[in-house]
Amino acid sequence: MLNNGDDSKSVIWRRIRTYLIGVGIGLITCYFIFGTRGCKSLTPGMLKLDQLATKDSVYYSDTAMCEMNCQKISKAEVIESFTYGKIDTKKSQSFHVRYPVYNFTGTTQKGRTFNVICVERDSITRVIMVKDLAMKDSCKCN
């Protein structure tokens, strides 16, 4: 009872086809379970920064606007730093506080690194301080 070469080839192709059908079913199932969720929700800090950046309104305090003008930082760069940032939990006051204060460090795609302090109030994010970490503190904003 010798096996023909054709029989072994058909068995291999049948196994490969079955495997690919299983992988396809698995991919479709994962898509329906996880949907279009991106990698933003990997950690609570990333999720919170995404929520802060997509609030209805982002307001800037007078001090923040003065620092942004002095250091030539645009509002778009601040929002971009929300996207590529990381919350410093040791400096933030986010637990058991009615209006949490978040201190985070974020980078832009141009390579600038900012330290931003903001307050979350209902559907508003209020930026209190923006500082470019590469520049010396030469602004007199208070």
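Structural remarks
- Think of it as helices only: each DSSP H run of n ≥ 4 in the chain is worth -39500 (n - 2.57), and spread over all residues that comes to -13500 deg cm²/dmol at 222 nm.
- Placing unit charges on the Cβ atoms of the charged side chains and taking the dipole of region 39-132 about its Cα centre, the candidate lying farthest along the positive direction among Tyr60, Ile87, Val101 is Ile87.
- For a straight C-alpha distance cut-off of 30 angstrom, the lysines reachable from Lys131 (same-chain residues fewer than eight places away being disregarded) are Lys40, Lys48, Lys55, Lys72, Lys75, Lys86, Lys90, Lys91, Lys110, Lys140.
- Of all beta bridges that DSSP places with both ends in region 39-132, some 85 percent have antiparallel geometry.
- Alpha-carbon spread of the chain, three principal axes, descending order, Å: 92, 33, 26
- Within the chain: Cβ-based charge dipole about Cα centre, in debye rounded to nearest 20 (Lys, Arg +1; Asp, Glu -1): 180 debye
- At least 15 Å along the helix axis (C-alpha) and Kyte average at least -0.5, DSSP helices within the chain: 5-34
- Taking Val101, Val119 and counting other C-beta atoms within 10 Å, the order from fewest to most: Val101, Val119
We did not get these values from a lab; they are worked out from the coordinates using the rules stated. Every value quoted in this text rests on a predicted model; they were computed, and no experiment measured them. Cβ coordinates were reconstructed from backbone atoms using ideal geometry, including for glycine residues, and neighbour counts include every protein chain displayed.
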